[in-house]
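Presented below is the structure to which this report refers.
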Amino acid sequence: MTDWYILQAEQFRAADGYAVSEMGLSVPELMERAADGLYKGCVDLCGESLKKIPVTFLCGKGNNGGDGFCLCARLAEEGYDVAAIAVFGTGELSGAAAEMASRVPENCLINLVCETGESMAYQRIACSGLVVDCVFGTGFSGVLSEEIQRLFAAVQGKKILACDLPSGVSCDGGQVSPGALKADKTITFAAWKPACFLYPGKDFFGETEVWDIGITRAVEKNGGAFRLITADLVRPLLKVRPENSHKGTFGGVQLCCGSKWMSGAAGLAARAALKSGVGLVYLSCGKKLRRILQTSVLEAVYTKPKGKTKAGAFVVGCGLGKKARYLKSYWKRKKPMVVDGDALNYLANHPKLLKKSPSSTVLTPHPLEMARLLGIPVSAVESDRIGIARYAAERFSSVVVLKGRHTVIASPGGSVWINRGGNSALAKGGSGDVLAGFLGGLLASGYSAEEASVIAVYAHSRAAEILTAGRPEEGVLPSEIISLLDNAFFLRQNL
């Protein structure tokens, strides 16, 4: 299993189909493997008590239901107290699900839609110690029916294990239907799903584990362009620094950042850029700001706000305030650039600039800045973070880093990376300036816009994780994040 793949619903169905048609696996065989994963989830939640408590499987009519029927039959044979509720009735089961249901002993199978089925089902749920949710899988969208919501209401409060996704959560967008089941643990198969990282859906997964069902080749063939940012993904992106080198070897980055009331933004961005390994950091600012920063950012070379340097990349916008108009000057120079903060708001008010983005431009908006760029409500951004990031990347011909919990990176070509790491220590003014500066330094060092974005987001979030090991997230400062950004480069030791 490659743990950095993220599959949308259609891609998962395609991988399933490929496993059957090209890898010679049968649907029942895949269900047996999925049942292995569900069994592990049951043990994780209940331990040795699993053998003593009533376990109830809520089974839909498709493959998810088949997974549940499969494990129920297996446990019944071993003497466990189990029951499977056919939520849509046994007459509606698909071929493979029907085959698995036929293995369940008659006294352990409850047909919810028959005359006495409803009362039997609710009685069984009431006495259950664990409920395994196998009703809907990746294909669910929309709103649960009133009957299903009523059934799920009887389940809430029980210990719940979800099969692939909690029922009522949309796979691709993370939207949640009223009455959706909130799991204590979710076993998702073959690869991550987008909803594992999208709110509000993520809140319904509980602890989440990817279970390998032996179709890695199918996932790689049909995995599309979504990736999870992990150490294994970042490691091969890191360049080896030549021993025979000098400051010119690693390029220079120029930062046009900071203003009278936000001098710290420029200082944070510049110090973070210095941690990227770039050879030179030029800090372009006014005289008053320079006097403040020269005592705290000793390594920078200072220039006027629109000063010309030999820098190979720019960072524009961090704390720039009303002087964000300087962006226009840098835009004309046609070099790789990170656009952050106030410069993003300037772009929102001057949309014609976005039609001629310099190559290797990276936009780093938070949700409100993204909403301004696109002229849509913030709620629209948050309800479809992946879709919005992809749309903006294509529309503006730029790499987009949509910040927030599980930052989304999208390229103009349609590739998407989702960050798993980080924590609320990053939810503090100045954290974005740190990210922008480090990212700009990587751009200047010769990394592509996509590579620089992925490495920077990983390093930023990893630093927050290291800092909060054994201390509260509330107390971490953005300046402390800078001190640990370079930890990401230790990944090279395992190349």
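The values are calculated or read from the model by the stated rules, or taken from the named source; none is laboratory data. In this text the structure is predicted, and so the values were computed from the model without any measurement. No Cβ is skipped: glycine too gets one built from the backbone with ideal geometry, and neighbour counts run over all protein chains shown.
A few points about this structure:
- Verdict on residue 162 being free of Cβ contacts under 8 Å to residues at least 60 places away in the same chain, of a type outside the set (Phe, Trp, Tyr) and assigned to a loop (DSSP other than H, G, I, E, B): no
- Check on residue 110, assigned to a helix (DSSP H, G or I), of a type in the set (Val, Ile, Thr) and either surrounded by 20 or more Cβ atoms within 10 Å (Cβ to Cβ) or assigned by TED's automatic domain parsing to the domain that holds residue 27 (or both): no
- Residue 306 touching a helix residue (DSSP H, G or I) at 6+ places or on another chain (Cβ under 8 Å) and basic (Lys, Arg): yes
- For segment 113-144, a tally of residues being surrounded by fewer than 16 Cβ atoms within 10 Å (Cβ to Cβ), of a type in the set (S, T, N, Q) and farther than 19 Å from residue 172 by Cα returns 3.
- For segment 403-430, the tally of residues that are aliphatic (A, V, I, L, M) and under 11 Å from the mean Cα position of the chain (by Cα) stands at 4.
- Single match in 407, 468 (criterion: buried (at least 24 other Cβ atoms within 10 Å of the Cβ) and of a type in the set (S, T, N, Q)): 407
- Filter pass, residue 402 being in the same structural domain as residue 481 (by TED's automatic domain parsing) and free of Cβ contacts under 8 Å to residues at least 24 places away in the same chain: no
- Against the list (1) surrounded by fewer than 19 Cβ atoms within 10 Å (Cβ to Cβ); (2) farther than 19 Å from residue 323 by Cβ; (3) polar (S, T, N, Q), the condition residue 360 fails is (1).
- Qualifying residue in segment 88-99 (condition: assigned to a helix (DSSP H, G or I), of a type in the set (Phe, Trp, Tyr) and at pLDDT 95 or above): no
- Qualifying residue in segment 126-135 (condition: touching a helix residue (DSSP H, G or I) at 6+ places or on another chain (Cβ under 7 Å) and without any contact (Cβ under 8 Å) to a residue 40 or more places away in the chain): no
- Flag for residue 180 being over 19 Å from the mean Cα position of the chain (by Cα) and either free of Cβ contacts under 8 Å to residues at least 40 places away in the same chain or assigned to a strand (DSSP E or B) (or both): yes
- Of all residues making up segment 412-460, the number that are assigned to a helix (DSSP H, G or I), over 24 Å from residue 258 (Cα atoms) and of a type in the set (D, E, K, R): 2
- Enumeration of residues in segment 375-392 that are free of Cβ contacts under 8 Å to residues at least 24 places away in the same chain and buried (at least 17 other Cβ atoms within 10 Å of the Cβ): 381, 388
- Residues that are among the small types (Gly, Ala, Ser) and in a loop (DSSP other than H, G, I, E, B), drawn from segment 461-478: 469, 470
- Filter result for residue 469 (without any contact (Cβ under 8 Å) to a residue 24 or more places away in the chain, at negative phi, assigned by TED's automatic domain parsing to the domain that holds residue 417 and not charged (D, E, K, R)): yes
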